[in-house]
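Data block below; observations after.
The values are calculated or read from the model by the stated rules, or taken from the named source; none is laboratory data. On a predicted model such as this, the values are computed, not experimentally measured, just so you know. So basically every Cβ, Gly included, is an ideal-geometry build from the backbone, and we count neighbours across all protein chains shown. Only protein heavy atoms, including side chains, enter the accessible area calculation; ligands, DNA and RNA are left aside. Shrake-Rupley method; radii C 1.70, N 1.55, O 1.52, S 1.80 Å.
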Amino acid sequence: MSEFKHFTVMKQEAVDALNCRNGLIYVDCTLGGGGHSELILQKISPNGKLFAFDIDDEAVEYASNRLKQYDNLTIIKNSYINIKSVMKSYGIEKITGGVVLDLGASYHQLTKQERGFSFSKEAPLDMRFDMSKDFSAYDVINSYKEGELVKIFSEYGEERFSKRIAKAIVNKRNQSPIRTTTELAEIIINSVPKIKSSIHPATRVFQAIRIEVNNELKNVKIVLNDVLDLLDVGAIISVISFHSLEDRIVKRLFKYEAQKCRCNEMICKCPPPRIEIVNKKPITAAEAEIKENPPSRSAKLRIVKCIRQS
């Protein structure tokens with residue numbers, strides 16, 4: 001396969017948080033290039049087991065080759081939203097060690113030209129994590145109604161010029177379909193005011209489209225709730241998020257599940273909390289890592305520990 005460029009964000013911090021022990025069961029929900037998985041395997045071998053999920057064929061191929069020496073690794077080409085059924089199929093009732101999630105798109109996906117994630121490189125409008133799926137960025141841009149585009153640009157991109165951009169897209173596609181990343185980026189640039197900013201005008205819209213194509217925010221909620229159901233007492237979740245929308249979901253869900261009372265009634269009938277929050281404030285990447293891999297600047301690591309089985 002072609003060169004697979006990969007940076008593992010906060011590898012040491014995310015894996016150290018799991019307190020990895022030989023003999024326990026661990027899950028890497030976002031295998032990617034295999035950086036987190038490799039470090040987990042080094043710590044839990046020979047008797048610990050690691051199950052690693054990814055829907056990206058290139059990531060699965062690369063990581064399978066990188067980690068081929070480990071007999072206690074099972075790589076699963078499947079979405080982490082199916083974690084319950086997949087673990088059941090392997091006879092696993094509880095995750096006894098812990099889970100790591102490195103959310104969002106990988107460095108390889110974002111930088112490989114033909115995947116269509118970047119507005120700075122001409123490519124077909126794609127942005128699929130799972131290349132076997134039919135639905136892509138092309139479908140969002142050329143088939144969504146103007147109001148639907150405004151909604152996703154506003155909610156998923158927090159783009160203040162959503163209405164202008166959506167209108168410009170619809171006007172252009174009425175003449176001919178919008179097919180490439182650079183074509184879309186040019187439409188965005190021409191439809192917003194010229195403002196001095198370190199952020200490219202297309203950044204937020206491209207993020208919004210990517211989230212929509214891959215159901216990223218909905219899937220985060222699904223996987224976190226399912227993982228909580230699967231954890232054994234003492235097991236740990238280590239989650240890395242890269243933008244405020246993801247981090248907000250993680251923070252709110254963890255806060256809710258860690259509360260002693262969630263009903264706000266005079267006489268509380270809530271069951272005891274399922275988790276305890278390990279780090280009140282998110283851990284961020286060290287300066288040395290940011291220098292090597294600038295996108296890690298936005299990463300936030302949140303860690304919780306299971307204190308009650310579901």
Subtracting the Cα-Cα distance of Asn264 and Ser89 from 0.36 nm times their residue separation yields 59.1 nm
With Cα springs under 10 Å, the Gaussian network model of the chain assigns the largest mean-square fluctuation among Ala286, Ala258, Ala14 to Ala286
Cα pairs beyond 34 Å in the chain, in percent, come to 27 percent
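Looking at this model, which pairs from Lys11/Lys300; Lys255/Lys305; Lys68/Lys305; Lys77/Lys305; Lys68/Lys133 are more than 19 angstrom apart at the alpha-carbon? Don't jump to the answer; show the numbers that get you there.
Values: Lys11/Lys300 12 Å; Lys255/Lys305 12 Å; Lys68/Lys305 30 Å; Lys77/Lys305 27 Å; Lys68/Lys133 27 Å.
Violating the 19 Å Cα-Cα cut-off are Lys68/Lys305; Lys77/Lys305; Lys68/Lys133.
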For the pair Glu276 and Lys68, the simple spin-label estimate (label points 7 Å beyond Cα toward Cβ) gives in nm 4.5 nm
With +1 on the Cβ of every Lys and Arg and -1 on the Cβ of every Asp and Glu, the dipole magnitude of the chain about its Cα centre, in debye rounded to the nearest 20, is 1100 debye
Checking the stretch 218-294 for GluC sites (Glu not before Pro) in a loop per DSSP with at most 14 other beta-carbon atoms within 10 Å yields Glu265
Helix-only [θ] at 222 nm, the chain, -39500 (n - 2.57) per DSSP H run of 4+, per residue, nearest 500, equals -12500 deg cm²/dmol
Taking every other residue with Cβ under 14 Å from the Cβ of Arg164 and scoring Lys and Arg +1, Asp and Glu -1, one gets +4
In debye to the nearest 20, the charge dipole size for the stretch 1-92, taken about the Cα centre with +1 at each Lys and Arg Cβ and -1 at each Asp and Glu Cβ, equals 380 debye
In terms of the alpha carbon gyration tensor, root eigenvalues a ≥ b ≥ c, rounded if a/c is under 1.5 and otherwise prolate when a/b exceeds b/c or oblate, the stretch 175-219 is oblate
Expected field for His200, accessible surface area in Å² at 1.4 Å probe radius, rounded to 10, holds 60 Å²
Expressed in angstrom and ordered largest first, the alpha-carbon extents of the stretch 1-109 along the principal axes are 36, 28, 25
